[in-house]
Amino acid sequence: MTGSAPSSKKFGGLLTRKMRWGLSWRGWLILILAGASTVIFLLLNIQPFLARTQRVNTKVLVVEGWIDEYAIHAAVVEFKNGSYQKIFTTGGPIIGFDGSTNDFDTTASVGAQLLEEYGIATNLVQMVPSHIGARDRTYNSALALRNWFHQHNVDVHSINVLTQDVHARRTQLLFQEAFGRDVTVGIISAPDPDYDPKHWWRYSEGVRQVLAESIAYFYARVLFHPPENSAEK
């Protein structure tokens, strides 16, 4: 008896039969437990991973203009409670106005108007619109802000960006990509009141937000590559 695996051939060697290894019930049990543990880990950690808050010491607060009013209210509280000197709103064309070149047809303008309605003095709010709306809106909004700082000779070494809930991790990544190493980008996530972040999978809004943003973050982290000439704009 040899140590080789038994095999047989039929039809002139066109078909073969060989011994193969397969999972035992113990193996399947371990595999199922490992899979269940992974799912539980993701359920408990993916939402706080995406809805990151990491403030830095800065006088500049940036608000993404497309966010809902609950997040605008959070931005007002953040600005009043912090040591900020100026608040900037960013954003591209409103959906349906992608071909517009009017600054007031942008979410940056909408965000600025809402901040003023919520009590921020007009002279403290500066809208910085982007006119690129077809794709990569967050990155292009960050580029527009960076270019505005350069054009107006505003020396900035750090900023805090406030955005909506699970969009935070991706926003920080793309703003940091746009500004480069010379500017430290902090991030503030305004929690969505429509679902419990600790049990997000029990709410349709939570599932929609977390799953969609997980895919978007994967794209931004792995597949997105900024144009080579973006640093020169």
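The values are calculated or read from the model by the stated rules, or taken from the named source; none is laboratory data. Predicted model, so just to flag it, every value in this text is computed and none were measured. Neighbour counts run over all protein chains shown; Cβ positions are idealised from the backbone, glycine included. These area figures cover heavy atoms from the full protein model, side chains too; ligands, DNA and RNA do not enter into them. Shrake-Rupley method; radii C 1.70, N 1.55, O 1.52, S 1.80 Å.
Assorted remarks:
- Test: Val110 is surrounded by 11 or more Cβ atoms within 10 Å (Cβ to Cβ) and in contact (Cβ under 8 Å) with a residue 24 or more places away in the chain: yes
- Residue check for His199: surrounded by 12 or more Cβ atoms within 10 Å (Cβ to Cβ) and either over 13 Å from the mean Cα position of the chain (by Cα) or part of a strand (DSSP E or B) (or both): yes
- Flag if Gln172 is touching a residue at least 60 places away in the same chain (Cβ under 8 Å), open to solvent by less than 50 Å² (accessible area, probe 1.4 Å) and assigned to a helix (DSSP H, G or I): yes
- Qualifying residue in the stretch 133-151 (condition: surrounded by 15 or more Cβ atoms within 10 Å (Cβ to Cβ), free of Cβ contacts under 8 Å to residues at least 60 places away in the same chain and β-branched (Val, Ile, Thr)): no
- Flag for Asn123 being in a loop (DSSP other than H, G, I, E, B), surrounded by fewer than 16 Cβ atoms within 10 Å (Cβ to Cβ) and without any contact (Cβ under 8 Å) to a residue 60 or more places away in the chain: no
- Residue within the stretch 181-189 that is over 15 Å from Gly91 (Cα atoms), part of a helix (DSSP H, G or I) and not β-branched (Val, Ile, Thr) present: no
- Within the stretch 175-196, the set of residues being open to solvent by 60 Å² or more (accessible area, probe 1.4 Å) and either among the charged types (D, E, K, R) or closer than 18 Å to Glu69 by Cα (or both) comprises Glu177, Arg181, Asp182, Pro191, Pro193, Asp194.
- Per-region count, the stretch 35-87, residues part of a strand (DSSP E or B) and either of a type in the set (Gly, Ala, Ser) or open to solvent by 30 Å² or more (accessible area, probe 1.4 Å) (or both): 2
- Taken as a whole, the structure leaves Thr101 outside the set of residues that are modelled with pLDDT under 95, polar (S, T, N, Q) and part of a helix (DSSP H, G or I).
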